[in-house]
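The values are calculated or read from the model by the stated rules, or taken from the named source; none is laboratory data. These numbers were taken from a predicted model, which means no experiment stands behind them. Here the Cβ is made from the backbone with ideal geometry for all residues, glycine too, and neighbour counts use every protein chain on show. SASA here: full protein model, heavy atoms, side chains in, ligands and nucleic acids out. Shrake-Rupley method; radii C 1.70, N 1.55, O 1.52, S 1.80 Å.
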Amino acid sequence: MMCKDGIGKRTWLIPDCELPEAGEGILKGHESVIVVNDNDKDVNIKVTLYFADRDCYEDISWLVEKKRVRCFRMNNTEDMCGFCVPYDTQYAMKLEADGNIVVQYGRLDNRQTNLAYYTTLGYAE
């Protein structure tokens, strides 16, 4: 049986990442990347983080099972394979998958009472 090649792309770039502190309200500040795998097979993803003032970090890998959606939180060291993403630091993220995926990025910034929620699709190639 031939595997169906799911919708999406294999390489994604999210240029505007910045993990906020937890903030003041009930809803805690965070960043997340939501990945949809529409394939008939599991997809492995290599994650690279780029910083303005230090070398990139490449030791993060994710798995999204076939026909599933998965949310990865940047403030969860388990999701980040033990890496602690620095708070309030501008960085970018590249995802390279071995199958087509769709990627959405979200940030809840709750460092003040007027919280802001930001979500966008990454750039796909």
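Set Lys and Arg Cβ to +1 and Asp and Glu Cβ to -1, take the dipole of the chain about its Cα centre, and tell me which of 45, 89, 64 lies farthest positive.
64
Write down the accessible area per residue of the chain in Å², having rolled a 1.4 Å probe over the full set of protein chains.
Details: 7170 Å² over 125 residues.
Dividing the accessible area of the chain by its residue count gives 57 Å².
By how many nm would the segment from residue 89 to residue 73 lengthen if fully extended, with 0.36 nm per residue of separation less the alpha-carbon distance? Numbers along the way, then the final one.
Details: separation 16, 0.36 × 16 = 5.76 nm, distance 1.57 nm.
Length gained between residue 89 and residue 73: 4.2 nm.
Using a cut-off of under 15 Å, list every residue of segment 48-75 whose amide N is near the label point 7 Å from the Cα of residue 124 along the Cα-to-beta-carbon line.
Under cut-off, by backbone N: 67-70.
How large, in percent, is the carbon and sulfur part of the accessible surface of the chain at a probe radius of 1.4 Å? Each step should come with its number before you reach the end.
Numbers: 3720 of 7170 Å².
About 52 percent, which is the carbon plus sulfur part of the accessible surface.
For segment 51-92, what does the convex hull of the Cα positions come to per residue, in cubic angstrom? Mind showing how you got there, number by number?
Details: hull volume 3.7 nm³, N = 42.
In segment 51-92, the Cα hull volume divided by residue count equals 88 Å³.
How many percent of Cα pairs in the chain exceed 21 Å?
Working: 3021 of 7750 pairs.
Here the tail beyond 21 Å accounts for 39 percent of pairs.
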